[in-house]
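Below: the structure, in C-alpha cells.
The values are calculated or read from the model by the stated rules, or taken from the named source; none is laboratory data. A quick note: this is a predicted structure, and the numbers were derived from the prediction, not measured. All Cβ positions, glycine included, derive from the backbone under ideal geometry; neighbour counts span all protein chains shown.
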Amino acid sequence: MKSFLRWSVLSAALLVIAGGTAWTQGQAVSQPATKVGVVNVGLLFTKYQKAINFKKELEGDLAPLKGEAEKIKTIMQQHQEWIKKNGLADPGQKEKSEKALRDGQRALEDLDLQARKLIGKKQEAQLVQLYKEIQAAVQSYGQQTGYHVIFAYGDPPDADLFTFGNINRKMSGMDMGGLVPFYVQNGLDVSNDVLQRLNYTYQQAGGASSPATGTVPAQFTNQQK
C-alpha cells in the first residue's frame, strides 16, 4: 500500500513537471506547455559579422609571421626535393640539406611560439566577448518569443555532418555527458533568427555590414520601440 501511494505521488509530480494537468482543490488547472528550442553556436561563431571581423583582425596580426613561415617552408621543400634526387650522389651536400631541414623545422616552431604569444591573450578576450554577446542574444530571443529553455549545440555550418570526423566528435561529446539533438521540429532551431539579431545589433552599433546582416525580424523591431 505504501509503495502504491509513493508511486501515485511521483506520477502526479511528473505530470505537473511535464506541463500536464494538475489538480488544485478538486479543480483541474491547465499548466502551460514548455517551449524548448536549440541553437547552433557553430553557425553563430562562424557567421556573426563581429566574429568574422575578429578573425580578419587576427589574420592581419599574423600575416608577417605567416609570410616568413611560407618562405622557410619553400626553402625546406627545395632541400627535400634535392635530397630525393641527388642525395646518393653527393653525401656532403645531403648532410648540409638535412641540417637545413632541421634548422627550418626549429625556425617554424619558434614562429609558432611567437604567434601564440602575439595573439593568445587577444584571441582569448575576443572569444569571451563573443560568447557573452551570443549568450545574451539567445537569452533575449528566448524571453521575447516565449521559449522556456534553449539548448546550444555545435555543428559546422555548410558542411557534411555525416563524415567520420564529425560523427566521432559528436560521439565524444555524448560520452562526456553532452546533449546532441537528433531531431528538431521545424521552427524550434532558432540559430538563424539569433544570427540575424546579432548582425542587426552589430550593424546598428556601427559595425561593418555584411551580406549576412539583412533585416531584423518584425517582432524584434516592434519590441525594441
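Residues being under 17 Å from residue 181 (Cα atoms), among the aliphatic types (A, V, I, L, M) and outside any loop (DSSP other than H, G, I, E, B): count how many of those fall in region 135-169.
Matching residues across region 135-169 total 4.
Name the residue, out of 29, 38, that is modelled with pLDDT of 95 or more and in a strand (DSSP E or B). Full working, then the answer.
Working: 29 fails: modelled with pLDDT of 95 or more.
Testing whether each residue is modelled with pLDDT of 95 or more and in a strand (DSSP E or B) leaves just 38.
I need the full set of residues from region 170-198 which are in contact with a helix residue (DSSP H, G or I) (Cβ under 7 Å, 6 or more places away or on another chain) and not in a loop (DSSP other than H, G, I, E, B), in order please. Talk me through it step by step, then tell me what you get.
Within region 170-198, the first condition is being in contact with a helix residue (DSSP H, G or I) (Cβ under 7 Å, 6 or more places away or on another chain), and the residues that meet it are 180, 190-191, 193-195, 197-198.
Those that are in contact with a helix residue (DSSP H, G or I) (Cβ under 7 Å, 6 or more places away or on another chain) and not in a loop (DSSP other than H, G, I, E, B): 191, 193, 194, 195, 197, 198.
List, please: which pairs have Cβ atoms under 7 Å, are six or more places apart or on different chains, and start with a residue in region 71-99 that is closer than 24 Å to residue 111 by Cα and end with one that is among the polar types (S, T, N, Q)?
Here the result reads 79/97, each pair linking region 71-99 to a residue that is among the polar types (S, T, N, Q).
Could you say whether any residue in region 73-90 is in a strand (DSSP E or B) and at pLDDT below 95?
For region 73-90, residues in a strand (DSSP E or B) and at pLDDT below 95: absent.
Within region 135-148, identify whether any single residue is of a type in the set (A, V, I, L, M) and surrounded by fewer than 11 Cβ atoms within 10 Å (Cβ to Cβ), and answer yes or no. Spell out how you get there, then give the answer.
Going residue by residue through region 135-148, those that are of a type in the set (A, V, I, L, M) are 136-138.
When the remaining residues are screened for being surrounded by fewer than 11 Cβ atoms within 10 Å (Cβ to Cβ), the result is none.
Checked against the condition, which is being of a type in the set (A, V, I, L, M) and surrounded by fewer than 11 Cβ atoms within 10 Å (Cβ to Cβ), region 135-148 yields no hits at all.
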